[in-house]
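Single-structure report; data block below.
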Amino acid sequence: MTNSTKTLCPYCGVGCGLEVTPPAQSGKATHRDSEGTPIWRVRGDRDHPSSQGKVCVKGATVSESLDKNRLKYPMMRDSLDQPFRRVSWDEALDRIVLQLQTVRFTQGPEAICMYGSGQFQTEDYYIAQKLLKGCLGTNNFDANSRLCMSSAVSGYIQSFGSDGPPCCYEDLEQTDCAFLIGTNTAECHPIVFNRLHKHCKKNRKVKMIVVDPRRTSTAEAADLHLAIRPGTDIDLLNGIAHLLMRWGKINTLFIDDCTRDFPLYADIIRHYPPELVARKCGIRLDELEKAARYWGDAERVLSLWSMGMNQSSEGTAKVRTLINLHLMTGTLGRPGSGPFSLTGQPNAMGGREAGGLAHILPGYRLVKNPQHRAELEQLWGLNPGQISPEPGLTAWDMILGLETGAVGFLWIAATNPAVSMPDLERTKAALKQSPFTVYQDAYYPTETAAYAHVILPAAQWSEKTGTMTNSERVVTLCPQFRHRVGESRADWEIFAEVGRRLGFREQFDFADSAAVHREFVQLTRGRVCDMTGITYEQLQEAPIQWPHPEENPDVGAGFTDKVLPTSNVTKSAPTNSKRLYTDWRFPTADGRAKFAAYHSRGLAEPPDPNYPLVLTTGRLYGHWHTQTRTGRIPKIQQMHPQPFLEIHPRDAQKLGIEEGNWVEVRSRRGKSRFPAQVTKAIAPGTVFVPMHWGALWAANSEANALTHPESCPDSGQPELKACAVQVSLVPES
Ligand code: SF4
């Protein structure tokens, strides 16, 4: 018998189940990494409902990274030009608490910020919210999820009245038409893609449409690839809507009974005749018509998207425009149908549930809603009015706050903004100006550690017990299965200890993470994300999908917000936790979903004669974010040894660039160098660079040295996906 543990992959939001076995007990031969060190054996958990035993290269190799370059004890220094010195936890925490009290007293709570991560477990997220938003009285908690999926959050909230992806992975195998836009699913969410691709291959009538300026491996597998010009997503979606209207392929019963504001939307899409749209998007008219035909002829349409839609200065508008198509065709709340955002990080979903962005509160509550604030103040034992009514600073706002001096205390945990934020030169200069930065992470060195005054060692996945929620709302328990490295502590334990030292003993009196979880799920009672029926004991048996209310776990969400019944619509599907909105009622004031009418504004920084190309950035199959883990795994390093620039042969020829030449890419903010890959996979006029390399891995080849911070006004998500650049050959390359 082996002593294996079931857990969840700590990389992407697909959330594959893993089964890990200690080196000495994993069978005949001890499992070793490429350097011969015994490591935990990892394989897919066949019982996990989301992944059914499958894993990609990242999940399969994750144990190789667990002991490399670990941060083992707290360190401190007085200024950035000094070396760090090892200190005790007491010394580090005393300094943090003193600094928090000083900044709170001299500048006010709004000068205190925390920048967290979708790598947190839900318990970490929750305690951070209680500390910042509850006890310290500032909503300045934001997470790197702001850079990843906040436009999906605001799109869902504005269209449906609540956050929450309404679909599940079974829909991948039940759809007639999969519409993938702004997502390289095959590389970035491979196990989701495998399920969909298998279904499409088995059923020739099922169509897959992929919208992407690059011919990615996802696009290669599609029935139809629309290589639109960057920034024309809304034009395309409105153009498809125009054709569906013209052909009468709309669900008037659903529109009349379950939605509002359709006339406003219909008025907008009148301005998107197919000829004009095809021209603007840079695709052929017949391609546009084919896309509309595939959607219109399908009974079940599933749309998938990720950063290509979200990372945009009109990200929320894009998401809502996509949702419009589902509303006008009534394709949601049914098997194989609905708008389905794919989250990037393993627990970005848990972060949303726990209120882990600057404008939200635990239990899918909103900072701006006085009732929501009052509920939490009562549940947390705080004074009325203690939670600020103002949304906090978003990730980029924190950088601006450092520049102006408005931010006096910055706590960064489990993320690496010195690689992942836009406009890196400006970001790094702002981090340098920070009066006091705490950096809490499992690994050292990282690019961001260079800007810290205090460094705290965090126990990572595998070394602490907590829960994570994947893109289809499945919650999985991730038990601690190995020793903690050095003096590291769980993130939530660190936050709770600081809370106690600040005087909030009662609020942070938790025996273990199970106690944190018990308190957290009570805050979800009656909310769309009701998890009151989920306990650690049950999770030890199997993962559980929410909504999962305590009273009736087999029946889905009941809403606290007033919902009026709709009429006349056939309500054939029972309500359950697999899908949201199966009764076609929505948690809005009148129970109806809302159409949104948007004209496209295009790119925030369109190309011009000085910067004639559009740079788009993205991820590669093997690497993960800023390589904190994957950069230390030889197999993945061999797959993707260095960054590169993809350029179309036509552009390359004009610039005298040949395959393998080093090129310099300049934007208005900075420059970087890459070897060129000349390929027709990228559209003319567009170039592509992967975003994984920071200064530690490839000095002078940072993608985000080039990107800009212009953000969506609703979601605050920066347009990391597109900026204007010039490319030139590096002499003698
Ligand atoms: Fe992990 Fe995502 Fe790969 Fe699944 S698809 S094994 S969750 S990285």
note = Of the residues in segment 404-437 that are over 26 Å from the mean Cα position of the chain (by Cα) and assigned to a helix (DSSP H, G or I), the one that is surrounded by the fewest Cβ atoms within 10 Å (Cβ to Cβ) is Thr404
note = In segment 257-288, anything of a type in the set (Asp, Glu) and more than 19 Å from Gly602 (Cα to Cα) is listed as Asp257, Asp261, Asp267, Asp286, Glu287
ask   = In the set Leu304, Leu325, which member is in the same structural domain as His189 (by TED's automatic domain parsing), in contact with a helix residue (DSSP H, G or I) (Cβ under 7 Å, 6 or more places away or on another chain) and within 16 Å of the ligand (Cβ to nearest atom)?
value = Leu304
query = Among Gly344, Gly308, Gly356, Gly296, which is under 24 Å from the mean Cα position of the chain (by Cα), assigned to a helix (DSSP H, G or I) and over 21 Å from Phe586 (Cα atoms)?
reply = Gly308
note = Being at positive phi and in the same structural domain as Leu620 (by TED's automatic domain parsing) narrows Gly685, Gly694 down to just Gly685
request  = Would you mind stating whether Tyr581 is part of a loop (DSSP other than H, G, I, E, B), away from the ligand (no atom under 16 Å from the Cβ) and within 30 Å of Met691 (Cβ to Cβ)?
outcome  = no
inquiry  = Conditions first: (1) more than 20 Å from Arg229 (Cα to Cα); (2) touching an Asp or Glu at 6+ places or on another chain (Cβ under 9 Å); (3) of a type outside the set (D, E, K, R); (4) outside the structural domain of Trp461 (by TED's automatic domain parsing). Gly356 passes all but one, so which condition is the exception?
reply    = (4)
message = Name the residue that is surrounded by the most Cβ atoms within 10 Å (Cβ to Cβ), counting only residues in segment 613-652 that are more than 21 Å from Pro346 (Cα to Cα) and within 15 Å of the ligand (Cβ to nearest atom).
response = His640
query = Within segment 162-179, is there a residue that is assigned to a loop (DSSP other than H, G, I, E, B), within 23 Å of Cys529 (Cβ to Cβ), more than 16 Å from the ligand (Cβ to nearest atom) and among the charged types (D, E, K, R)?
reply = yes
task = Can you work out which of the residues in segment 545-572 that are over 13 Å from Cys258 (Cβ atoms), at pLDDT below 95 and among the hydrophobic types (A, V, I, L, M, F, W, C) is surrounded by the most Cβ atoms within 10 Å (Cβ to Cβ)?
result = Ala557
note = Expected single match for at pLDDT below 95 and farther than 30 Å from Val474 by Cβ among Gly385, Gly405, Gly344, Gly381 is Gly381
ask   = Got at least one residue in segment 120-137 being under 18 Å from Tyr444 (Cβ atoms) and within 31 Å of the chain's Cα centre (by Cα)?
value = no
ask   = Does any residue in segment 53-82 that is on the phi < 0 side of the Ramachandran plot come within less than 6 Å, Cβ to Cβ, of a residue that is of a type in the set (Lys, Arg) and not in a helix (DSSP H, G or I) six or more places away or on a different chain, and which pairs are these?
value = Ser65/Arg629; Tyr73/Arg86; Met75/Arg86
ask   = Can you spot a residue in segment 662-672 that is outside any strand (DSSP E or B), in contact with a His (Cβ under 7 Å, 6 or more places away or on another chain), of a type outside the set (A, V, I, L, M) and within 16 Å of the ligand (Cβ to nearest atom)?
value = no
ask   = Is one or more of the residues making up segment 56-66 over 17 Å from Ser462 (Cα atoms), in contact with a Lys or Arg (Cβ under 9 Å, 6 or more places away or on another chain) and not assigned by TED's automatic domain parsing to the domain that holds Arg629?
value = yes
query = Mind checking whether some residue in segment 245-258 is assigned to a loop (DSSP other than H, G, I, E, B) and buried (at least 24 other Cβ atoms within 10 Å of the Cβ)?
reply = no
request  = Can you run down the residue pairs with Cβ atoms below 6 Å, 6 or more apart or on separate chains, where the first is in segment 653-671 and touching a residue at least 24 places away in the same chain (Cβ under 8 Å) and surrounded by 17 or more Cβ atoms within 10 Å (Cβ to Cβ) and the partner is part of a strand (DSSP E or B) and among the charged types (D, E, K, R)?
outcome  = Glu664/Lys671; Glu664/Arg673
message = Can you say whether Ala24 is over 25 Å from Asn144 (Cβ atoms), without any contact (Cβ under 8 Å) to a residue 60 or more places away in the chain and either more than 29 Å from the chain's Cα centre (by Cα) or not assigned by TED's automatic domain parsing to the domain that holds Lys635 (or both), as far as the supplied structure shows?
response = yes
request  = Report those strands (runs of 3 or more DSSP E) wholly inside segment 1-118 carrying at least 3 residues which are within 16 Å of the ligand (Cβ to nearest atom).
outcome  = 5-8, 17-21, 41-44
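The values are calculated or read from the model by the stated rules, or taken from the named source; none is laboratory data. Bear in mind that the values here come from a model prediction, so they are computed numbers and not experimental data. With ideal geometry, Cβ positions are generated from the backbone for all residues, glycine too; neighbour counts draw on all protein chains shown.
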